[in-house]
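Asker: Provided herewith is a single structure, encoded as structure tokens, for subsequent inquiry.
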Amino acid sequence: MSPSNRSKGDPKSKDAGQLSFESRLTIAPPTVAARTAATPEVARAAPPEPAPPLAQPSETAAPAGAPRIYVVSELLRAARLTLESRFSDVRVEGEISGLKRSSQGHLYFCLKDAQGQLDCVLYAREAARLKFQVDEGMAVRCRGRLTLYEARGRFQMTVADLEPTGAGALAIAFEQLKQKLAAEGLFETARKRPLPFFPRRVGVVSSATGAVIRDIVRVAHRRCPVRILLAPTPVQGEGASLAIAAALRRLAAVPDVDVIIVARGGGSLEDLWAFNEEPVARAIFACRVPVISAVGHETDFTIADFVADVRAPTPSAAAERAVPVLADLRAELALICRRAGRATAEQVRARRLALERARARIADPRRLLDVRRQTLDDAAERARRQLARQLAAAQAGLRALETRLLRAHPQRRVLERRNALAALRHRLEAIPRAELARRRHAVDAARGKLEALSPLNVLERGFALALLPDGRLLTDAADARPGDAVRVRLRRGALDAEVRATSERDSKARP
């Protein structure tokens, strides 16, 4: 990655490839007095050295007085060497803009002020030594050398060290790590554990030669002769945070260690910095027992204080919180014993009174025994009678079932069905005969009535029936005309006759 395309949208970045020395950069003049009086914030420039001769072009030398012609790479290389030899150690202040991180860990950014900007690169090996995280818009002071990136012809600064100009680097690193761990929940109050009432053994992570461990032992043993296990470790300097984290893990692995004190005396922020690093914070968070942080004085706060279960203002206060006072425990124990004795005596009196009351209710045990025996006899007699009733009911039910079983015997049921079938057959045969006799009697009665009303019986008395040719009975003389053929039926036989004349006389008149 190259720092070639930074801050293109800034209207003040027209001369991005040129260095502005007007705001913060100060170049020491090439005099001994000026170099001696320069402060760390003032940029120190190397003594002026003669610029290296420019490389000659590869073509044939030009005539005397003619301008020299160079290839681009030769000119850029000569400019870079001149620039690096002149400005090998400079310091410049500005605001970080366009911060980019490469996959290898290099940082590319612009350092700008109100009038201009300067391309910068901070390589991964230098970035790894920073105690804080570089962010966009941070005001910083950079130390490094000016150079020229030949591949793109870009003027830039190779940064060797970087520090904030506002708060110190350690303060920024402290706030950044604090925000990170707080976001992960390492400072949550809900996860903090209470200290044990009486620890079997107290673990201490501190220096073995300092006054801290002596103060802790003295205060703890003055309060109660509890066992103390020290995990000696350096408490400042390079690698101290890893040593403290390892000591915490060693103590947490001891089964009878119930509480651990992480302690150190007072000092500057740099002296206490080992307790502000991430390995210590995560080791405290992962510890299986409660941890008391006692780092520095009461006004000193470290990351370990926020992660620990309890913060003590001093190591002596941590020992006081971890170890109870033996005399207080004995006094409290004596008070508890007296209260327990009074409570026990009260309970004994209450139980004795209850016993007396129960004895008064019970009276003579022999009388109670006689009553219980008589009650038992009554219960046995009631049980015998109840058993007899139940047995009689069961036998009656058995007999009823036996009767039902006999009634439901197949042979009996076949016989009953046969008798019923014979009765039905008899009824079936008697009903048609009675119905036939009834019908015959009715027919005879109807025949008698019919014969009584039959005209044939009238013919027996000498009357005759006159029938028209179409078979109708002739009852009115007006129905026949002279010359009509009629048939006269007599008692025996019939006559065919012809009408000669008709008479209109009343048929009801006697002849």
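Asker: Based on other C-beta atoms within 10 Å, arrange D271, D484 from fewest to most. Mind showing how you got there, number by number?
Answerer: On the way: D271 17, D484 14.
Neighbour counts put them in this order, fewest first: D484, D271.
Asker: Return the inverse of the average 1/r over all pairs of distinct C-alpha atoms in region 231-298, which is the Kirkwood hydrodynamic radius, in Å to one decimal.
Answerer: On the way: mean 1/r = 0.0828 Å⁻¹.
After inverting the pairwise mean of 1/r, the radius is 12.1 Å.
Asker: Right, here's the next one. For region 326-367, just run the numbers: alpha carbon Rg, then divide by 2.2 N^0.38 Å, N being how many residues it has.
Answerer: For region 326-367, the normalised Cα radius of gyration comes out at 2.00.
Asker: If we restrict to alpha carbons, what Rg and Dmax does region 132-187 come to, in Å?
Answerer: 15.9, 50
Asker: Over the alpha carbons of region 258-397, what is the largest minus smallest coordinate on each principal axis, giving the biggest first in Å?
Answerer: 105, 50, 18
Asker: Could I get the Rg over Rh figure for region 361-439? Both from C-alpha atoms, Rh via Kirkwood, rounded to two places.
Answerer: Details: Rg = 32.0 Å, Rh = 19.0 Å.
Result for region 361-439 is an Rg/Rh of 1.68.
Asker: Further question: List the chymotrypsin sites (Phe, Trp or Tyr not before Pro) within region 133-225 that DSSP assigns to loop and that have no more than 13 neighbouring Cβ atoms inside 10 Å. Walk me through the numbers before you get to the answer.
Answerer: Values: sites: Y149, F155, F174, F187, F197; in loops: F187, F197.
In loop regions of region 133-225 (DSSP not H, G, I, E or B), the sparsely surrounded chymotrypsin sites (Phe, Trp or Tyr not before Pro) are F197.
Asker: Something else now. Determine ³J(HN,Hα), in whole Hz, for all residues of region 410-416 in sequence, where each value follows from phi through the Karplus function 6.51 cos²θ - 1.76 cosθ + 1.60 and θ = phi - 60°; x replaces Gly and Pro.
Answerer: Values per residue, Gly and Pro as x: x, 4, 5, 5, 5, 4, 4 Hz.
Asker: How far apart, in nm, are the 7 Å Cα→Cβ label points at T403 and A422?
Answerer: Here the modelled spin labels are 2.7 nm apart.
Asker: Could you state the orientation-averaged shadow area of the convex hull built on the Cα atoms of region 367-511, in nm² to one decimal?
Answerer: Details: hull surface 100.9 nm².
Orientation-averaged projected area of the Cα hull: 25.2 nm².
Asker: Given H placed 1.01 Å from N in the peptide plane, which residues other than close sequence neighbours of R154 have an amide H under 5 Å from its amide H?
Answerer: Placed amide hydrogens put Y149 under 5 Å from R154.
Asker: Taking Cα pairs under 8 Å and at least six residues apart, what relative contact order does region 458-498 come out at, in percent? Each step should come with its number before you reach the end.
Answerer: On the way: 56 pairs, mean separation 16.2, N = 41.
Relative contact order comes out at 40 percent.
Asker: Now, a different point. Can you list which of the GluC sites (Glu not before Pro) found in region 268-363 are DSSP loop residues with at most 16 other C-beta atoms within 10 Å?
Answerer: On the way: sites: E270, E277, E298, E320, E332, E346, E356; in loops: E270, E277, E298.
Filter output for region 268-363: E270, E298.
Asker: Now a separate question. In whole Hz, what ³J(HN,Hα) sequence does region 171-180 give by Karplus (6.51, -1.76, 1.60; θ = phi - 60°), x for Gly and Pro?
Answerer: Values per residue, Gly and Pro as x: 5, 5, 4, 4, 5, 5, 5, 4, 5, 5 Hz.
Asker: For L415, L329, which order do you get if you count the other beta carbons within 10 Å of each Cβ and list the fewest first?
Answerer: Details: L415 11, L329 14.
Ordered from fewest to most neighbouring Cβ atoms within 10 Å, L415, L329 come out as L415, L329.
Asker: Whole-Hz ³J(HN,Hα) for each residue in region 190-195, computed from phi via Karplus 6.51 cos²θ - 1.76 cosθ + 1.60 with θ = phi - 60°, x for glycine and proline: what do you get?
Answerer: Coupling constants for region 190-195: 5, 8, 6, 9, x, 6 Hz.
Asker: Could I ask something else about it? What do you get for Rg/Rh of region 458-498 when both radii come from the Cα atoms and Rh is the Kirkwood radius? Before the final figure, lay out the partial values.
Answerer: Working: Rg = 10.2 Å, Rh = 10.6 Å.
Looking at region 458-498, the ratio lands at 0.97.
Asker: Let me ask something additional. Evaluate the Kirkwood expression for the hydrodynamic radius of region 335-406, namely the inverse of the mean inverse distance over all pairs of different C-alpha atoms, and round to one decimal in Å. Walk me through the numbers on the way to the answer.
Answerer: Values: mean 1/r = 0.0563 Å⁻¹.
Kirkwood radius, region 335-406: 17.8 Å.
Asker: Give me the orientation-averaged projected area of the Cα convex hull of region 100-170, in nm², one decimal.
Answerer: Numbers: hull surface 20.9 nm².
Averaged projected hull area, Cα only: 5.2 nm².
Asker: Here's something else I'd like to know. So who's got an amide H within less than 5 Å of the one on V486, skipping anything under 5 residues away but keeping other chains? H placed 1.01 Å off N, in plane.
Answerer: A497, E498, V499
Asker: Going by how many other Cβ atoms sit within 10 Å of their own, how do K178, K100 line up, fewest first? Write out the running numbers ahead of the final one.
Answerer: Values: K178 18, K100 15.
With the fewest neighbours first, K178, K100 line up as K100, K178.
Read-outs: derived from the displayed coordinates by stated rules, not from any lab. Predicted model, so just to flag it, every value in this text is computed and none were measured. Don't worry about glycine lacking a Cβ; one is built from the backbone with ideal geometry, like all the others, and counts go over all protein chains shown.
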